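Report on the structure given below.
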Amino acid sequence: MVLELSQQQLHLLHACLAESAEQLRDEVLHTDERDLREALKLKLDRLQKLQRQVEATMRTQEGTPAY
């Protein structure tokens, strides 16, 4: 499935992902249970990967090459 988002929508998505990543990072740091912490780390990794994909799309739309 492919979504086509406007630049404004991409910026909003990026901001939401950044906020979610920050909150999830805090959860990882403050979770004592090892199994839960590992599960949260995996979710954080997936979220950060998605955030990098959004950043690359934003750069492409703005005409800046993605490195």
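Scan Leu42, Leu36, Leu47, Leu29 and give me the residue that is within 12 Å of the chain's Cα centre (by Cα), in a helix (DSSP H, G or I) and among the aliphatic types (A, V, I, L, M). Step through it out loud before you land on a result.
Numbers: Leu42 fails: within 12 Å of the chain's Cα centre (by Cα); Leu36 fails: within 12 Å of the chain's Cα centre (by Cα); Leu29 fails: within 12 Å of the chain's Cα centre (by Cα).
When all the criteria are applied, what remains is Leu47.
For the range 2-21, check the following and say yes or no: at least one residue is among the β-branched types (Val, Ile, Thr) and in contact with a Lys or Arg (Cβ under 8 Å, 6 or more places away or on another chain). Spell out the reasoning first.
Step one: filter the range 2-21 for residues among the β-branched types (Val, Ile, Thr), giving 2.
This time we only want the ones that are in contact with a Lys or Arg (Cβ under 8 Å, 6 or more places away or on another chain), so: none.
No, that holds for no residue.
Among the residues of the range 24-41, write down those that are out of contact with any Leu (no Cβ under 8 Å at 6 or more places or on another chain) and surrounded by 10 or more Cβ atoms within 10 Å (Cβ to Cβ). Give the steps one after another, and end with the answer.
Taking the range 24-41 as the starting set, the residues that turn out to be out of contact with any Leu (no Cβ under 8 Å at 6 or more places or on another chain) are 26, 29-30, 32-39, 41.
Across the range 24-41, the qualifying residues are Asp26, Leu36, Arg37, Glu38, Ala39, Lys41.
Quickly run through the range 51-65 and pick out the residues that are at negative phi and either outside any helix (DSSP H, G or I) or loosely packed, with under 15 Cβ neighbours inside 10 Å (or both).
Passing the criteria: Arg52, Gln53, Ala56, Arg59, Thr60, Gln61, Glu62, Thr64, Pro65.
Kindly list, by first and then second residue, each pair from a residue in the range 1-30 that is in contact (Cβ under 8 Å) with a residue 24 or more places away in the chain to a residue that is surrounded by 11 or more Cβ atoms within 10 Å (Cβ to Cβ) and charged (D, E, K, R), limited to pairs with Cβ atoms under 7 Å and residues at least 6 apart or on different chains.
Final answer for the pair search is His14/Glu55.
The numbers here are math on the coordinates, done by the rules we state, and not lab data. These numbers were taken from a predicted model, which means no experiment stands behind them. FYI the Cβ positions are ideal-geometry reconstructions off the backbone, even for glycines, and counts take in every protein chain you see.
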